[in-house]
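Enquirer: Could you have a look at this structure, given as structure tokens, before my questions?
The values are calculated or read from the model by the stated rules, or taken from the named source; none is laboratory data. Everything quoted here is computed from the prediction, not taken from an experiment. Note that each Cβ is placed from the backbone with ideal geometry, even for glycine, and that neighbours are counted across all protein chains shown. Side chains included, ligands, DNA and RNA excluded: accessible areas come from the protein's heavy atoms. Shrake-Rupley method; radii C 1.70, N 1.55, O 1.52, S 1.80 Å.
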Amino acid sequence: MKTRIITAVVALIVFLPFVWIGDLPFEMMSILLATIAMYEVLKMAKQTVFSVNGVLAFLLMWLVTVPDHYLDWLKDLYITKWEILFLLVALLLAYTVFSKNKFHFDQAGVVFIAAFYVGFGFHYLAPTREAGLSYVIFALLIVWSTDTGAYFIGRAIGKAKLAPHVSPNKTVAGFVGGIVCAVVIAGGFYYFADLGISWVLILILLIILSVFGQLGDLVESALKRYYDVKDSGKILPGHGGILDRFDSLLFVLPLLHILQII
């Protein structure tokens, strides 16, 4: 526990200034976090990072992650981001032909899904910050309050398991407790920050966001269970990897924009 607390404090000291500053420093930090997370997925999947498929994996992920305004120059070349994505995927699939079965279709699928899974989540960090610091705090509060509520309420009264085949410690009571905490804490912040959506509607949206945040956590747990690893990485002592800390946020951030809260 002591290690977890020290790591959390240090991580906040490093992370929060970038959140406060925003703009280019925050965008670069988002890309760096996405790069580490992609590295963690490749390592879990036992794919060589310094290889053809590894390079294509990072190129795909970067293309998805990079803020759209950095790709405006593509218009001058009469090509779109999606056309480049197609070319990279075509090269990835072509490599399954020329690798002499060292790299096959299933592995290409892992690269493709991981690039979008990691890329889209971290892509939405920058536009969320661009919309305002309050929105970043709101997103973080949804995730943190959900995790905290699920942990403590689950430990206190949780009996029925939520998804024992994926995450044995998660309970139905913790799942509900996480939603309640998110509604109270993140909802309270939203109300006092006056971010522009009616109180009744935000309550409904908070339930959806909290559920998706917990789903993001379960998805990453399923990924680790499949590859038989305890943590996605070791960069954060006591916490695991970047993917371990941002798994819920990767689901919550895109949904904030899809639901037009931002």
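Enquirer: Of a type in the set (Val, Ile, Thr), more than 16 Å from the chain's Cα centre (by Cα) and modelled with pLDDT of 95 or more: does that describe VAL64?
Expert: Details: of a type in the set (Val, Ile, Thr): yes; more than 16 Å from the chain's Cα centre (by Cα): no; modelled with pLDDT of 95 or more: yes.
Against the criterion (of a type in the set (Val, Ile, Thr), more than 16 Å from the chain's Cα centre (by Cα) and modelled with pLDDT of 95 or more), VAL64 does not qualify.
Enquirer: So VAL66 fits all but one of (1) in contact with a His (Cβ under 9 Å, 6 or more places away or on another chain); (2) of a type in the set (A, V, I, L, M, F, W, C); (3) open to solvent by 50 Å² or more (accessible area, probe 1.4 Å); what number is the exception?
Expert: So the condition that VAL66 fails would be (3).
Enquirer: Let me ask another. Among the numbered criteria (1) modelled with pLDDT under 95; (2) closer than 13 Å to LEU56 by Cα; (3) buried (at least 19 other Cβ atoms within 10 Å of the Cβ), which single criterion is violated by ALA115?
Expert: Status for ALA115: all satisfied but (1).
Enquirer: In contact (Cβ under 8 Å) with a residue 12 or more places away in the chain and either among the small types (Gly, Ala, Ser) or in contact with a Leu (Cβ under 7 Å, 6 or more places away or on another chain) (or both), is that true of LEU92? Step through it out loud before you land on a result.
Expert: Values: in contact (Cβ under 8 Å) with a residue 12 or more places away in the chain: yes; either among the small types (Gly, Ala, Ser) or in contact with a Leu (Cβ under 7 Å, 6 or more places away or on another chain) (or both): yes.
So LEU92 passes the test.
Enquirer: Ok, one more. Under 9 Å between Cβ atoms, which residue pairs at least 6 apart in sequence (or on different chains) link something in region 230-242 that is over 18 Å from VAL166 (Cβ atoms) and open to solvent by 40 Å² or more (accessible area, probe 1.4 Å) with a partner that is modelled with pLDDT of 85 or more and assigned to a loop (DSSP other than H, G, I, E, B)?
Expert: So the pair list comes out as LYS234/GLY241; ILE235/GLY241.
Enquirer: Tell me which residues, restricted to region 155-194, are among the aromatic types (Phe, Trp, Tyr), in contact (Cβ under 8 Å) with a residue 40 or more places away in the chain and open to solvent by 30 Å² or more (accessible area, probe 1.4 Å). Give the derivation first.
Expert: Going through region 155-194, the residues among the aromatic types (Phe, Trp, Tyr) turn out to be 175, 189-192.
Of the ones still in play, those that are also in contact (Cβ under 8 Å) with a residue 40 or more places away in the chain are 189-190.
Across region 155-194, the qualifying residue is only PHE189.
Enquirer: Oh, and also: Inspect all residues belonging to region 4-17 and state whether any of them is within 19 Å of ILE235 (Cα to Cα), open to solvent by 80 Å² or more (accessible area, probe 1.4 Å), at pLDDT below 90 and not hydrophobic (A, V, I, L, M, F, W, C).
Expert: yes
Enquirer: Being in contact with a Cys (Cβ under 7 Å, 6 or more places away or on another chain) and either surrounded by 14 or more Cβ atoms within 10 Å (Cβ to Cβ) or farther than 17 Å from ALA114 by Cα (or both) narrows it down to one of SER145, SER198, so name that one.
Expert: SER145
Enquirer: Give, as residue ranges, the helices (runs of 4 or more DSSP H) completely inside region 159-262 that count at least 1 residues that are of a type in the set (Asp, Glu) and within 24 Å of TYR124 (Cα to Cα). Working first, answer last.
Expert: Values: elements: 172-193, 199-227, 242-258.
Counting at least 1 such residues, we get 199-227, 242-258.
Enquirer: Only one residue in GLY196, GLY240 is at pLDDT below 90 and touching an Asp or Glu at 6+ places or on another chain (Cβ under 9 Å). Which one?
Expert: Details: GLY196 fails: touching an Asp or Glu at 6+ places or on another chain (Cβ under 9 Å).
GLY240 is the lone residue from the list that is at pLDDT below 90 and touching an Asp or Glu at 6+ places or on another chain (Cβ under 9 Å).
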